[in-house]
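Chemist: Input: one structure, supplied below.
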Amino acid sequence: MATSKAVLILSVLVMALTGCKVTTSDDHHYPDSGGFVSGLFYDARDTGRHYPTNSWALASDAEACRNEPLYFETHSGRVRVYGSPAYSETSFRAAASELERRIDGVLSRFQLSWSDFVEDRSAAAPYPRQVVGCLSPNVSHREFVSASLAAVAFNPYYGQWPYETGQIMAHELAHFVQENLSRYDTSYSLLPYWFAEGQSVVVAGEPIAPVYQHYDYDPLWDVTPMDAANTPYRFGHYGLAYRYLEKANGALAMTVLLEMMQVLDWDGGFHGEVSTGESRAFVEAFNSAGLVDHRNNYLSFQRFRSDYHDLLNSSY
């Protein structure tokens with residue numbers, strides 16, 4: 001059960017967020033003659049803006065830039081990309097352009113503007129007013145990009161990038177937004193694997209399993225990547241499970257759920273996991289968010305997990 005302090009915080013948070021989020025229409029693009037956004041190169045030894053070193057906020061791919069002082073900053077000031085001077089100027093500019101041009105569209109799917117995101121993301125995040133990128137040799141050309149709370153890591157060789165980057169970038173930026181909204185300073189993700197991937201699938205517009213095929217997979221059992229079956233179609237089922245929640249409650253309610261988790265992480269009284277493996281913060285936030293099913297009846301996480309197939313079966 002939540003402490004009285006946490007309940008009060010959650011109540012205030014829900015009231016404060018309801019009706020105040022809007023999608024953004026601001027244009028932050030500053031294209032130059034080469035097709036990339038404009039900006040300048042800097043040396044962190046001169047500016048003091050060194051790459052984040054917070055291990056709790058960096059995935060292993062993004063740790064490669066810890067000792068790299070060189071960075072490219074876009075004209076808007078929203079994006080910085082760090083990396084070795086051995087990598088081409090084009091790779092720096094391309095990574096910065098992807099972040100600058102894609103972030104607003106992804107945030108709009110969370111019903112957030114850029115200013116909303118800056119205000120609502122974890123106050124413990126390094127450089128809360130910027131999206132930080134890293135040209136990392138630990139990111140393969142197959143992956144192309146990988147996101148963590150503090151930084152988005154890119155394959156450092158622009159020539160190896162896929163021709164079409166849109167869905168991949170949207171998917172990874174969705175993870176970036178999720179982690180910044182749902183965590184305060186805990187060292188691991190508080191989201192179940194199925195939810196994190198399902199929301200990213202929906203945000204990126206990737207294929208979702210047809211509702212009538214819901215019996216083909218049990219997405220809610222995949223609490224961690226280790227729980228997942230080795231079947232590529234599982235991602236479509238993660239998207240199906242998440243879309244059910246969003247369709248019944250709206251995208252804003254899902255964003256509020258993430259932000260409630262951050263408050264619980266900050267509160268410090270909801271560490272650990274429940275018996276089914278999900279973080280206590282996720283389950284508590286889910287049950288406190290007032291979510292409903294497709295018939296507008298209150299939906300607890302326990303009922304969603306146990307009655308998932310019955311709910312999906314009666315929703316079409």
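FYI, it's all coordinate maths here, none of it is from the lab. Everything numeric in this text was worked out from a predicted model, so none of it was measured. Ideal geometry is used to build each Cβ from the backbone, glycine not excepted, and the neighbour counts take in all protein chains shown.
Chemist: Of the listed peptides 178-189, 273-284, 40-51, 204-215, what is their order by residue-averaged count of other C-beta atoms within 10 Å, with the highest listed first?
Modeler: Details: 178-189: 20.7, 273-284: 18.2, 40-51: 13.2, 204-215: 14.8.
Per-residue Cβ counts within 10 Å, averaged per peptide and sorted highest first, yield 178-189, 273-284, 204-215, 40-51.
Chemist: Let me check I've understood the local charge: for Phe235, count other residues with C-beta under 12 angstrom from its C-beta, Lys and Arg +1, Asp and Glu -1. What total comes out?
Modeler: Numbers: positive: Arg234; negative: Glu197, Glu206, Asp222.
Charge balance in the 12 Å sphere: -2.
Chemist: Considering only DSSP beta bridges whose two residues both sit in the chain, what percent are antiparallel, to the nearest 5?
Modeler: Details: 14 of 21 bridges.
That works out to approximately 65 percent antiparallel.
Chemist: Taking square-rooted eigenvalues a ≥ b ≥ c of the alpha carbon gyration tensor, is the range 31-182 rounded, prolate or oblate, where a/c under 1.5 means rounded and, failing that, a/b exceeding b/c means prolate?
Modeler: rounded
Chemist: Which whole-angstrom value gives the distance between the alpha carbon centres of the range 196-259 and the range 48-100?
Modeler: 31
Chemist: Still on this structure: Match the structure shown to one of the listed values (i) 92, 35, 15; (ii) 34, 22, 18; (iii) 45, 23, 14 of semi-axes √(5λ) of the Cα gyration tensor in Å, computed from it, and give that label.
Modeler: Calculated semi-axes √(5λ) of the Cα gyration tensor in Å: the matching label is (ii).
Chemist: Classify the range 263-316: rounded, prolate or oblate, from the alpha-carbon gyration tensor (a ≥ b ≥ c, eigenvalue square roots; a/c under 1.5 rounded; otherwise prolate if a/b is larger than b/c)?
Modeler: Oblate shape, in that a/c is at least 1.5 and b/c is the bigger or equal ratio.
Chemist: Cβ neighbours within 10 Å, averaged per peptide: list 140-152, 302-314 in order, most packed at the top. Provide the component values of the computation, followed by the final result.
Modeler: Numbers: 140-152: 21.2, 302-314: 14.9.
Averaged packing, sorted descending, gives the order 140-152, 302-314.
Chemist: I would also like to ask the following. Just to check I understand the Karplus step: with θ = phi - 60° and J = 6.51 cos²θ - 1.76 cosθ + 1.60, what whole-Hz values come out for the range 204-210, glycine and proline as x?
Modeler: Coupling constants for the range 204-210: 7, x, 7, x, 10, 4, x Hz.
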